[in-house]
Structures are given as C-alpha cells and as structure tokens.
Amino acid sequence: DLNREIVGSAAYINERLAPPGKKVVTLQWSGDTAPGVEALRIAENANLLNMNGGDTQISRTNPSLTAVAPIGISKSGYFQIYAPDTNENIFTNLWTGPFYGYRRVIETFEMTDRPRRLKPVGIYYHTYSATKKASITALNEVYQWALSKELHPVFPSEYIRKAVDFRDIVIAREGNDWLIRGNGNLRTLRMPFALGYPDIGNSHNVAGYIAGVEGNYVHLASGDVLLRVTQRETSHAYLRNANARLTSWEVDDNKLIFSLKGYQPIEFSLADSKRCGVSANGKTLSPSRTNGDIQYFRLNDAAATIEALCHRH
C-alpha cells in the first residue's frame, strides 16, 4: 500500500522516533529506486521531497557522458530527483566484490568536475560498508579526499530544493543585463568567460564570483537578480568564495554587510579587498592569509554577520 509505505512511514517516524521540532522532510527511494507516478504523486501531496536513482558512475574505465545521469526524470508532471552519484553497491558489483570498489567514486567526483562541472560530491553508501576491512578503508579514503577539498556542505533536502529551482529558474536578457528569477534556493550560475565579468557595483543581488574551468561561477544573493556584465573586471570588493550559505547581502559604495550560515567553521574569501577592514559579529577579523588583493578568513562559528569597510583606491 503506497499510502502506508510513504505517508504512514513518515507519520510513524514523526510521532514515535523524531525528536521534538524535527519532522521527516525527504523520502529516499529504496530498492530499484524507480518509483511510479502514483508514488511520486503521494510523496508530493504529503509535502515530502524525494531523491534517489540515476547511478552516475563515470570512471577512467568508462569515460563516457552516458554514465552521467541527469538531475532527475519527469514522470507525468511529477519529478524524481536523482542522487548526484551512485553508491558502493554499484562499485562493488552488487556487493560481490571487489569490496574496496567504492574508492573509485573519487574518479566520478573528479570527472564530473573537470573539464565541466556536472555534479556535486555526493558520498552515498549503506551501513554494510562497515562490515569489511576493504570497504571501510575505501570509505575512509573517500572521506579524506572530500575533506581535502574546498566544498560547501549541504543537506540532501537542500540539494533537492536546488535541483527543483534549476528546473524552474528563468533567465532573460535586457541589453547588457541579465534578469534572473527563481525561488531563491539555487544561488550559483556558471557564466561563460566570453560574456565577460559580473559588474558587481552595478548589479543587484550579485555577491561575487570565482573563476572555474569553463567560466565564472556567479554567486547570487536571492532569487531576484539583475546581473550586469562588463568586459573588464571592475574595482569593487566582492565575495569570492564561502563554505556556507549567504543569508543576507547589502552593499553600497564602500561597505559590504552580509551573513553566512553553514554547518562547520566558516571559511570565506573577499576579492579586491586589500583596502578593506573586516569584522565578524562586531569584532575585528584578521585574514588567515592573503594572496594579492584576495583576503582569506576563517571563523570558529558556523554562522556570522560580516562587515567589510573599504577605502577607495
């Protein structure tokens, strides 16, 4: 009974198992991870996000884009979100071996980042990975690889909402400007180098950007954005990178005020900022390092309001 399986299970967890203030948000499809339309309809009507399936498994022995699944699949008006990357069951040939096979997901992570970023890093495995020395050693390798990278951790529910926003976001061109409308969950767009650079001072709700392999990744401060582009980089301090979500953003001629909220100690960098004094939660913040006009900062907190006061050139 699909209602009992989906709605009933969520209700049981909410009533009997979940701590106060926490409710079931996401349903992760089990088994063959191929729910029918009715299952998707019931989950959506129960206000449950859904994810799983897809089995993205590109590797050096199978270097084909056909091994990269899309964000999801539409079924009669309902949308199943695929997991970003496949789990250890596939890499171990349905748990028949080699049991160290999940270490090869690192190849998937690398090949879906370059030469074009296609997927996030999604570490996805079953608890039986702890039953064999080879499999848990592989899992440790995967975690160590991920911890060595500059990643922005998010919950699966946040990723799902971003995937839904990706399907619905609208982009229009008006002269030299780009108008972007979404629901505010998707906060990064890739802008080809041929288009130029974001004009930070004359854009609206554009917090900054960082160069990738194929273009600049533009950081949006909301779901309602005016992006103005220019053919040369402008002189204006901006957020270059952060491992936390941007929850507010204000800017004027010589001041930035913004808030970040994440799940680990905050790390962020500001570009064109060597003439800027920075504070966090009202206290002066010194950079952990500098590189040219880029200042790098680290906080012990997972949330902070940051102010950068910048002197003119």
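Name the residues in segment 1-13 that are open to solvent by 40 Å² or more (accessible area, probe 1.4 Å) and out of contact with any Gly (no Cβ under 9 Å at 6 or more places or on another chain), would you?
Hits for segment 1-13 are 3, 4, 5, 7, 9, 12, 13.
Do any residues in segment 57-70 that are over 9 Å from residue 108 (Cβ atoms) and basic (Lys, Arg) have Cβ atoms under 9 Å from those of residues that are part of a loop (DSSP other than H, G, I, E, B) and modelled with pLDDT under 95, where the two are at least six apart or on different chains, and which pairs are they?
none
Working carefully through the options 205, 185, find the one that is of a type outside the set (A, V, I, L, M, F, W, C), over 15 Å from the mean Cα position of the chain (by Cα) and under 20 Å from residue 158 (Cβ atoms).
Going through 205, 185 in turn, just one is of a type outside the set (A, V, I, L, M, F, W, C), over 15 Å from the mean Cα position of the chain (by Cα) and under 20 Å from residue 158 (Cβ atoms): 205.
The values are calculated or read from the model by the stated rules, or taken from the named source; none is laboratory data. Since the model is a prediction, treat every value here as computed from it, not as a measurement. Cβ coordinates were reconstructed from backbone atoms using ideal geometry, including for glycine residues, and neighbour counts include every protein chain displayed. Each accessible area value is taken on the protein alone, full model and side chains, heavy atoms only, with ligands, DNA and RNA left out. Shrake-Rupley method; radii C 1.70, N 1.55, O 1.52, S 1.80 Å.
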